[in-house]
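Asks: Below is one structure. I have some questions about it.
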Amino acid sequence: MRETDLMAGFAKGLKVIETFDDMRPRLSIADVSKWTGYDRATARRCLLTLVDCGYADFDGKYFSLTPRILRLGHAYLAATPLPRLTQPYLERLSERTGESVSASVMDGNEIIYIARAAQRRVMSINLGPGSRLPAYCASMGRVLLAALPEAKARALLEATDRKPLTPNTKTDLDALMDELAIVRRQGYASIDQELEIGLCSIAVPIENARGQVVAAINIGTSSLHYTPATLVEKLLPEMRDTQADMRLVLA
């Protein structure tokens, strides 16, 4: 790909959109300039363009995204059959286990939820399609990282701000690479209160009919009800069955 094939202004606008999240729902020009590294004039033009196109509101000081921005995410969900194909399997697995079940794919060094069947809320944040979590400390993230070539997984982890979200969070690069080797060997990942205190989860990769890992599914539950050992004993067999069933329908 040649540099002349790219639209720098479009890329800058997308980066500005990505600056907004649940922790930063309202941003000033100075905020966007700080978080993107763009000068204030560039940040201002990008933001005002979003306002003019209906993707952002401006109250005279702060900018915020409008519901129109959901069209961008909906385009992905509508264009790929994966969320639609995955949802019935998640619902059946959730019914059999009585736990919340999710599916996600990799997006850079994060996972993005594409489908979910919730029995109860087990995290302080509300998860659903489009939600993002850091891959290094999420069970689905580790499954998807383990499916990558080792050098690429290491590069993604090196580029990640691996902050400790709880006292249990593994952040050391070599320790995480060792963890990925274990996940690769055993075919699943389990997390014990690394993402949030009180939350444990177990994940398996989802392969298509050609054996390519295209997504991951997990069960997230309370650490009061499960230990890492009982996650494997009680939930993994059900997840293996779902994993096998889904492979038959994913081209």
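Asks: Those residues that are out of contact with any Gly (no Cβ under 6 Å at 6 or more places or on another chain), in contact (Cβ under 8 Å) with a residue 40 or more places away in the chain and not aliphatic (A, V, I, L, M), I need them from segment 97-112; list them, please.
Replies: 97, 99, 102, 104, 108, 109
Asks: Here's a follow-up. Which residues, taken from segment 220-233, are closer than 17 Å to residue 199 by Cβ, not small (Gly, Ala, Ser) and not in a strand (DSSP E or B)?
Replies: Initial filter on segment 220-233 (closer than 17 Å to residue 199 by Cβ): 220-232.
Still in the list and also not small (Gly, Ala, Ser): 221, 224-228, 230-232.
Correct list: 224, 225, 226, 227, 228, 230, 231, 232.
Asks: Taking segment 32-64 on its own, how many of its residues are in a helix (DSSP H, G or I) and either of a type in the set (Lys, Arg) or touching a helix residue (DSSP H, G or I) at 6+ places or on another chain (Cβ under 8 Å) (or both)? I'd like the intermediate steps shown before the answer.
Replies: Filtering segment 32-64 for residues in a helix (DSSP H, G or I) gives 32-36, 40-52.
Then keep just the ones that are either of a type in the set (Lys, Arg) or touching a helix residue (DSSP H, G or I) at 6+ places or on another chain (Cβ under 8 Å) (or both); that gives 32-36, 40, 42-47, 49-50.
Going through segment 32-64 one residue at a time, the tally reaches 14.
Asks: Determine, yes or no, whether residue 175 is surrounded by fewer than 13 Cβ atoms within 10 Å (Cβ to Cβ) and not in a loop (DSSP other than H, G, I, E, B). Reasoning before the result, please.
Replies: Numbers: surrounded by fewer than 13 Cβ atoms within 10 Å (Cβ to Cβ): yes; not in a loop (DSSP other than H, G, I, E, B): yes.
Against the criterion (surrounded by fewer than 13 Cβ atoms within 10 Å (Cβ to Cβ) and not in a loop (DSSP other than H, G, I, E, B)), residue 175 qualifies.
Asks: Now a separate question. Specify the residue that is nearest to the chain's Cα centre (by Cα); the eligible residues are those in segment 178-207 that are crowded, with 21+ Cβ neighbours inside 10 Å and polar (S, T, N, Q).
Replies: Step by step, filter segment 178-207, then rank; the result is 201.
Asks: On the given criteria, is residue 210 charged (D, E, K, R), exposed (fewer than 13 other Cβ atoms within 10 Å of the Cβ), over 16 Å from the mean Cα position of the chain (by Cα) and at pLDDT below 95?
Replies: Values: charged (D, E, K, R): yes; exposed (fewer than 13 other Cβ atoms within 10 Å of the Cβ): yes; over 16 Å from the mean Cα position of the chain (by Cα): yes; at pLDDT below 95: yes.
Yes, satisfied.
Asks: I would also like to ask the following. Based on this model, can you work out whether residue 214 counts as in contact with a strand residue (DSSP E or B) (Cβ under 7 Å, 6 or more places away or on another chain), of a type outside the set (Gly, Ala, Ser) and closer than 17 Å to residue 136 by Cα?
Replies: On the way: in contact with a strand residue (DSSP E or B) (Cβ under 7 Å, 6 or more places away or on another chain): yes; of a type outside the set (Gly, Ala, Ser): yes; closer than 17 Å to residue 136 by Cα: no.
Answer is no for this residue.
Asks: Additional query: Let me spell it out: the conditions are (1) free of Cβ contacts under 8 Å to residues at least 40 places away in the same chain; (2) under 20 Å from residue 129 (Cα atoms), and residue 199 meets all of them except one. Which number is the exception?
Replies: (1)
Asks: Now for a different question. I'd like to verify a number: residues in segment 1-30 that are among the charged types (D, E, K, R), without any contact (Cβ under 8 Å) to a residue 12 or more places away in the chain and part of a helix (DSSP H, G or I), how many?
Replies: Selection size over segment 1-30: 3.
Asks: Right, another one. If you check residue 95 against the conditions, is it modelled with pLDDT under 95, closer than 21 Å to residue 143 by Cα and among the acidic types (Asp, Glu)? Step through it out loud before you land on a result.
Replies: On the way: modelled with pLDDT under 95: yes; closer than 21 Å to residue 143 by Cα: no; among the acidic types (Asp, Glu): yes.
Taking the combined requirement at face value, the residue does not satisfy it.
Asks: Then there's this: Given the criteria more than 17 Å from residue 222 (Cβ to Cβ) and touching a strand residue (DSSP E or B) at 6+ places or on another chain (Cβ under 6 Å), does residue 101 qualify? Give the steps one after another, and end with the answer.
Replies: Values: more than 17 Å from residue 222 (Cβ to Cβ): no; touching a strand residue (DSSP E or B) at 6+ places or on another chain (Cβ under 6 Å): yes.
No, not satisfied.
Asks: Any residue that is touching a helix residue (DSSP H, G or I) at 6+ places or on another chain (Cβ under 9 Å) and in a helix (DSSP H, G or I) - is there at least one of those in segment 207-214?
Replies: Let us first name the residues in segment 207-214 that are touching a helix residue (DSSP H, G or I) at 6+ places or on another chain (Cβ under 9 Å), namely 207-209, 211, 213-214.
Next cut, in a helix (DSSP H, G or I) only: none.
There is no residue in segment 207-214 that is touching a helix residue (DSSP H, G or I) at 6+ places or on another chain (Cβ under 9 Å) and in a helix (DSSP H, G or I).
Asks: Sticking with this structure for a sec: How many residues does segment 131-172 contain that are in a loop (DSSP other than H, G, I, E, B), free of Cβ contacts under 8 Å to residues at least 40 places away in the same chain and over 22 Å from residue 115 (Cβ atoms)?
Replies: Number of matching residues: 13.
The values are calculated or read from the model by the stated rules, or taken from the named source; none is laboratory data. Note that this is a predicted model, so its numbers are computed, not measured. So basically every Cβ, Gly included, is an ideal-geometry build from the backbone, and we count neighbours across all protein chains shown.
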